[in-house]
Amino acid sequence: MGMTMTQKILAARAGLPQVVAGQLIEAELDLVLGNDITSPVAIHEMKKMNNQEVFNKDKIALVMDHFIPNKDIKSAENCKCCREFACKHEITNYFDVGEMGIEHALLPEKGLVVAGDAVIGADSHTCTYGALGAFSTGVGSTDMAAAMVTGKAWFKVPSAIRFELVGKPAKWVSGKDVILHIIGMIGVDGALYKSMEFTGDGIKNLTMDDRFTICNMAIEAGGKNGIFPVDDLAIQYMKEHSKREFTIYEADEDAEYEETYVIDLSQLKPTVSFPHLPENTRTIDQVGEIPIDQAVIGSCTNGRMDDMRAAAQVLKGRKVAKGVRCIVIPATQAIYLQAMREGLLEIFIEAGAVVSTPTCGPCLGGYMGILAEGERCISTTNRNFVGRMGHTGSEIYLASPAVAAASAVLGRIACPCEL
Amino acid sequence: MKAKGHVFKYGDNVDTDVIIPARYLNATQGEELAKHCMEDIDKEFIHKVQKGDIMVANKNFGCGSSREHAPLALKCAGISCVIAETFARIFFRNAINIGLPIIECPEAAKAIQAGDEVEVDFDSGVITDKTTGASFTGQPFPEFMQKIITAGGLVNYINEA
């Protein structure tokens, strides 16, 4: 029986000729990731282990990104714990203030993940790297601790759902709209325990940043991972960013999928997720009159160059509506610098937005844009759960950077085509 | 091993942000996290919960972030077992890895009501609602996961290997 792309990577990393859905395997890992929230718990767990040496100091990445520059004393203690650990174990890929970026934008940019890799990260959005043709999935801190020592992790081989993408997206339709559409269609547990494998001719019409965004939110449909085939664009990206050898795996023609959905990208419209679940989607023409108090443009989902450019295209020469706070967060230092060189930061500031150093801050209600009771935010982030960005009586609407920027200008949820 | 206690019942998609809001994630100790467990959807939970109590919910329990702080907060709040129709996959792994027993059982999740007294036998997977007399059989763990649970979590399992 044929294997899916994910199954092929897992078989290879487990040293097996063949795996089937449901099989429990142990796979060798190419990278183990943690951040300033999950790593301290992992470090604490590791201290209980008989063997406390890391398996490979080059294959662990520690990225301080959630609550830094530190928002309070406890956050500072957590980063200090990670810093001391990184120093003691000579961790090559430790990223602190000045070098850090939001982990899932940073790792591909630094060339730390390539096609064929098996990666775990103590962060649910680790599934982002499927855009490069890697198997990557989120785990918890104890899994991270074990993997830092053993270099391995156990997996139940997932079954898969295939999404065949055809056609070309219309203007103002981005990767974010594609994935919100899919989550709206299959629900927040529609891909529970499964791989989401993207195929089809339409892929050539999606940029790498679109693909990162799509894979990033696989977890919001309950997915174990999201994965794209490796085409010329992905190869070009890896060659530009990494010196590592990569391995391209392709799904077998007779691979088994639990379901196949065909999605015509040309038919999609800008899409918004209403509170309090990402599956509560409506197309922009069905939104109605929803005034907003805040717009956040950034995160591991939408803080990349494409996102900065889309937001700037909308905000150029315009002003953020009175009474709306617009917060733009480039995801990495390199993106920040590039946005500066292209004059995008100037556009944001002249429009009345603020530009922040890279941080996960507002996405998870950490800091840098917490909502008060009754406030509404349009956000390019990934979750709109109750209380996610602040008060339990606040509301989050998820959308693309273009829609968030247009909404900031008009003071209500809006399509850029209205401007 | 058995768990016995009164039931706290919730609906679909109980996410890790409501189990333990991110504003408390600057803490790493279970006891401190437990003080804020479930407060965004049930302010009374932490005042009412007794050691050994059981949580029952519908589908996709623990969806959202990978924070291990979520199962840790539940465990330290006194919850002895979570029964749900389905669990989100990272929560599932985390619960096993830190030694919080969980059982998938759609029938039990639907039938058991808040306040019922429930007993769970982890060896047989049998869930008994002492209040109504109804009994259900949950999904047994694969042998490999049972070994991790028996060892008391992933760290002990690796130490013993």
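The values are calculated or read from the model by the stated rules, or taken from the named source; none is laboratory data. Please read all numbers here as calculations on a predicted model, not as lab measurements. Glycine gets a Cβ as well: all are built from the backbone with ideal geometry, and neighbour counts include every protein chain shown. Areas reflect the complete protein model, heavy atoms only, side chains present, ligands, DNA and RNA absent. Shrake-Rupley method; radii C 1.70, N 1.55, O 1.52, S 1.80 Å.
Of the candidates A:Ala153, A:Ala105, the single residue that is among the hydrophobic types (A, V, I, L, M, F, W, C), assigned to a helix (DSSP H, G or I) and either more than 14 Å from chain B (Cβ to nearest Cβ) or surrounded by fewer than 24 Cβ atoms within 10 Å (Cβ to Cβ) (or both) is A:Ala105. The sole residue among B:Lys48, B:Lys130, B:Lys43, B:Lys75 that is within 14 Å of chain A (Cβ to nearest Cβ) and over 11 Å from the mean Cα position of the chain (by Cα) is B:Lys43.
Would you point out which residue out of A:Asn216, A:Asn205 is in contact with a His (Cβ under 9 Å, 6 or more places away or on another chain) and either surrounded by fewer than 22 Cβ atoms within 10 Å (Cβ to Cβ) or closer than 26 Å to A:Gly298 by Cβ (or both)?
Residue meeting the stated conditions: A:Asn216.
Mind checking which residues of segment A:388-419 are within 19 Å of A:Thr359 (Cβ to Cβ), out of contact with any Phe, Trp or Tyr (no Cβ under 9 Å at 6 or more places or on another chain) and within 14 Å of chain B (Cβ to nearest Cβ)? Residues satisfying the conditions are A:Arg388, A:Met389, A:Gly390.
Among the candidates A:Val178, A:Val97, the residue that is within 22 Å of A:Ala331 (Cα to Cα) and open to solvent by 10 Å² or more (accessible area, probe 1.4 Å) is uniquely A:Val97.
Being in contact with a strand residue (DSSP E or B) (Cβ under 7 Å, 6 or more places away or on another chain) and outside the structural domain of A:Ser400 (by TED's automatic domain parsing) is the requirement here; does A:Asn216 meet it? Taking the combined requirement at face value, the residue does not satisfy it. Would you say A:Ala27 is over 17 Å from the mean Cα position of the chain (by Cα), open to solvent by less than 10 Å² (accessible area, probe 1.4 Å) and farther than 26 Å from A:Gly366 by Cα? Against the criterion (over 17 Å from the mean Cα position of the chain (by Cα), open to solvent by less than 10 Å² (accessible area, probe 1.4 Å) and farther than 26 Å from A:Gly366 by Cα), A:Ala27 qualifies. Being surrounded by 24 or more Cβ atoms within 10 Å (Cβ to Cβ), more than 25 Å from B:Leu33 (Cβ to Cβ) and within 14 Å of chain B (Cβ to nearest Cβ) is a description that does not apply to A:Val113.
Exactly one residue among A:Arg309, A:Arg412, A:Arg341, A:Arg383 is basic (Lys, Arg), open to solvent by 40 Å² or more (accessible area, probe 1.4 Å), modelled with pLDDT of 95 or more and within 24 Å of the chain's Cα centre (by Cα), and that residue is A:Arg309.
Is it the case, given these coordinates, that A:Ser136 is open to solvent by 10 Å² or more (accessible area, probe 1.4 Å), within 14 Å of chain B (Cβ to nearest Cβ) and modelled with pLDDT of 95 or more?
Values: open to solvent by 10 Å² or more (accessible area, probe 1.4 Å): no; within 14 Å of chain B (Cβ to nearest Cβ): yes; modelled with pLDDT of 95 or more: yes.
It is false that A:Ser136 is open to solvent by 10 Å² or more (accessible area, probe 1.4 Å), within 14 Å of chain B (Cβ to nearest Cβ) and modelled with pLDDT of 95 or more.
In segment A:72-92, the qualifying residues are those that are buried (at least 17 other Cβ atoms within 10 Å of the Cβ) and part of a loop (DSSP other than H, G, I, E, B), and the one that is nearest to the other protein chains (Cβ to nearest Cβ) is A:His89.
Here A:Lys47 passes the criteria (1) open to solvent by 60 Å² or more (accessible area, probe 1.4 Å); (2) more than 30 Å from A:Gly365 (Cβ to Cβ) except the one numbered (2).
Quick grid of which residues meet (1) open to solvent by less than 10 Å² (accessible area, probe 1.4 Å); (2) hydroxyl-bearing (Ser, Thr, Tyr):
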position: B:Ala22; (1), (2): yes, no
position: B:Val49; (1), (2): no, no
position: B:Thr86; (1), (2): no, yes
position: B:Pro101; (1), (2): no, no
position: B:Ala111; (1), (2): no, no
